[in-house]
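So the structure is just underneath, and the comments pick up after that.
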Amino acid sequence: MDAAPALNAPKPRSPKRQPGNALPITALVFAALFFLPLVPTIGLILGVIALISGRSKAISIVAVSLGAFFTFMTGIYAAIAIPAFMKYIARAKSTEAIAQVASLGNAVSALDARHFAALADSQWTPAGSACAQPKQKFAADPTTWQAEPWKTLGFAVDRATAYQMRVTRNAQGFLVEARGDLDCDGKLSHFARQVTAEGVQPPEITDQFE
């Protein structure tokens, strides 16, 4: 008589599945794409996950190393490039004030002796603060420049501007000025040119990029 099969015989174990290489390879590819912003950082994160989960340590280590290096270099480049870009933007905006002061100085210098002697001083124009205006600029308003001395000078700003203008008489002749607070931090950029009997003097600029 045949023996009955054992009821509690152990079942054969299926072979343990080894972790695949798809994740570390993906991490390596992402980490190597240094020319795409933030992609190496994603590769770094995927590489760390692959390393922790035990997948192909060699590839994971390379992915983590590349991702960390390119992420670090991206941070360095950003630290250099962003302030330089902001300075470039401020320089481009300040060109407006430099041009306006030059134009206003030439207008004063072109007056004949009678109009030069009679020219009135102005207040800062437009009045108020550009920082309180939409988009932090004074809207273009032709009526603003119809008062004196702007009317005599034929001077007007015909587009939105962050700067105020002023003309004041002094011992040398007239001082023409522009001022503005480009980043609205309370510190003003100041641009001025002295107008004398000899003509318009070179610009004097204080805190150009404020």
_Dipole-positive endmost among Tyr163, Tyr77, Ile89 within the chain (Cβ charges, Cα centre)_ = Tyr77
*Between Ala118 and Lys151, what is the label-to-label distance in nm when each label sits 7 Å out along the Cα-to-Cβ direction?*
1.2
*asked:* Modelling each spin label as a point 7 Å along the Cα-to-Cβ direction, I'd like the Ile98/Ile82 distance in nm, to one decimal.
replied: 2.7
*R0 = 22 Å: FRET efficiency of Ile49 with Met73, Cβ-based, nearest 0.05?*
0.50
*Please report, in debye to the nearest 20, how large the charge dipole of segment 25-133 is about its Cα centre when each Lys and Arg carries +1 at its beta carbon and each Asp and Glu carries -1 there.*
480
*What does the charge add up to near Gln172, with Lys and Arg as +1, Asp and Glu as -1, over the other residues with Cβ less than 13 Å from its Cβ?*
0
*Run through the DSSP bridge list for the chain and note the antiparallel percent, rounded to the nearest 5.*
100
*Please go through segment 103-158 and write out the chymotrypsin sites (Phe, Trp or Tyr not before Pro) that DSSP classes as loop and that have at most 16 other C-beta atoms within 10 Å.*
Trp124
*asked:* Looking at the chain as a GNM with Cα springs under 10 Å, which of Met86, Met165, Met73 has the largest mean-square fluctuation?
replied: Met73
*What's the exposure ranking of Thr161, Thr74, going from fewest to most Cβ atoms within 10 Å?*
Thr74, Thr161
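Laboratory data are not the source of any read-out in this text; all were calculated from the coordinates shown. Please read all numbers here as calculations on a predicted model, not as lab measurements. Glycine also receives a Cβ, built like all others from the backbone with ideal geometry; neighbour counts cover every protein chain displayed.
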